[in-house]
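Read the structure below first, then the notes.
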Amino acid sequence: MHIVVCIKQVPDSAQIRIHPVTNTIMRQGVPAIINPFDLFSLEEALRIKDRTGAKVTVLTMGPPMAEASLRKALSFGADAAVLLTDRKFAGSDTLATSYALTSAIKKLHEEDPVDLVFCGKQTVDGDTAQVGPGIATRLGLQQLTYISRIEDVDVEARTITVHRRSEGGVQVLKTALPCMITMLEGTNTIRFGTMDDLFRAARTPLRQWGKDDCVEDETKVGLKGSPTVVSKVFVPKPKAEKAKIIEGDSPAALAAAAIDTIFAAQPKLAAELLAR
């Protein structure tokens, strides 16, 4: 059995900055971590590995520094790691990202058939929950989203039984492999890496693939393949006016000057107050 876990290196949510022109996340100089939602899927994949002896490959798309997240995943117990990195991938939205990851999974499938694909429910930097379903759609896989528990994986019968949380309660679903799974947050706790896995993670050579290694149509990745448009309504514009300096000889004079300035800028407010 071969399991592919898609992870993403994301900026620390406490230090995220947005580029004022492109409206994309600025990652330079911002501490990066593994997307917290991805850790629940990674741990579940590792638990299946413990039970069935499956091979777990972690896959991510990002700049060269994303290697740190892949090595972290290897230290938890993953067997192999692939980094999709190319300047052509920069600025990818969820559509372009799912296309690039799908292309990489297809290449992995040619080498060793993929039975399960795990994705995080969503990412803390995009928060769209679209990449996992996008991969499943492109690969023609059953989508098992918002999974709270994996009850059974039958390798011989090639089936999986899961519990899926829904508005009306919990659904118990059974489907054939291969399929795509996204785990809910809080369903497990990521393990600590063993000393052997820590050493192995440091020594294991990572595979790096660029656009030419797995992507057939470069117009479907990067900004070219990203049709997402950020609405102007949600993009704050910098104010051209400079702050006004209010002067006065006493607190009462300063207060009166401040009120006069506010009323001058907001005549409707002044009229309403006078009417009252």
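Among residues of the stretch 148-164 being part of a loop (DSSP other than H, G, I, E, B) and either in contact (Cβ under 8 Å) with a residue 40 or more places away in the chain or not assigned by TED's automatic domain parsing to the domain that holds Thr123 (or both), the one that is farthest from Asp50 (Cα to Cα) is Arg158.
Taken over the stretch 137-174, the criterion of being β-branched (Val, Ile, Thr) and surrounded by 16 or more Cβ atoms within 10 Å (Cβ to Cβ) is satisfied by Thr145, Ile147, Ile150, Val153, Ile160, Val162.
Taking the stretch 99-116 as the range and being in contact (Cβ under 8 Å) with a residue 60 or more places away in the chain and either within 17 Å of Gly210 (Cβ to Cβ) or under 15 Å from the mean Cα position of the chain (by Cα) (or both) as the test, the residues that pass are Tyr99, Ala100, Leu101, Ser103, Ala104, Ile105, Lys106, Lys107, Leu108. Return the residues of the stretch 175-205 that are more than 21 Å from the chain's Cα centre (by Cα) and closer than 25 Å to Ala90 by Cα; say none if nothing qualifies. Answer for the stretch 175-205, where residues must be more than 21 Å from the chain's Cα centre (by Cα) and closer than 25 Å to Ala90 by Cα: just Pro205. Return the residue satisfying two criteria in turn: it lies in the stretch 133-147 and is of a type in the set (Val, Ile, Thr) and assigned to a strand (DSSP E or B), and of such residues it is farthest from Cys119 (Cα to Cα). Checked the stretch 133-147; the qualifying residue farthest from Cys119 (Cα to Cα) is Ile147. In the stretch 116-131, is there at least one residue being among the aromatic types (Phe, Trp, Tyr), on the phi < 0 side of the Ramachandran plot, assigned by TED's automatic domain parsing to the domain that holds Ala81 and not in a helix (DSSP H, G or I)? There is at least one residue in the stretch 116-131 that is among the aromatic types (Phe, Trp, Tyr), on the phi < 0 side of the Ramachandran plot, assigned by TED's automatic domain parsing to the domain that holds Ala81 and not in a helix (DSSP H, G or I).
Checking each residue of the stretch 83-95 against the condition of being within 30 Å of Asp154 (Cα to Cα) and out of contact with any strand residue (DSSP E or B) (no Cβ under 9 Å at 6 or more places or on another chain) gives no match. Scanning the stretch 192-230 for residues that are surrounded by fewer than 16 Cβ atoms within 10 Å (Cβ to Cβ), over 22 Å from Arg87 (Cβ atoms) and of a type in the set (Lys, Arg) turns up just one, Arg203. Among the candidates Arg87, Arg27, the residue that is charged (D, E, K, R), more than 24 Å from Leu198 (Cβ to Cβ), surrounded by fewer than 16 Cβ atoms within 10 Å (Cβ to Cβ) and modelled with pLDDT under 95 is uniquely Arg87.
Contact map, the stretch 178-191: first residue assigned by TED's automatic domain parsing to the domain that holds Leu46, second residue among the β-branched types (Val, Ile, Thr) and assigned to a loop (DSSP other than H, G, I, E, B), Cβ cut-off under 8 Å, separation 6 or more or different chains; pairs are Pro178/Val114. Report whether or not Leu46 is touching a helix residue (DSSP H, G or I) at 6+ places or on another chain (Cβ under 8 Å) and either under 24 Å from Asp197 (Cβ atoms) or at pLDDT below 95 (or both). Here the answer is yes, as Leu46 does meet what is asked.
The values are calculated or read from the model by the stated rules, or taken from the named source; none is laboratory data. Predicted, not measured: the structure shown is a model, and the values here were computed from it. Cβ atoms come from the backbone with ideal geometry, glycine included; neighbour counts cover every protein chain shown.
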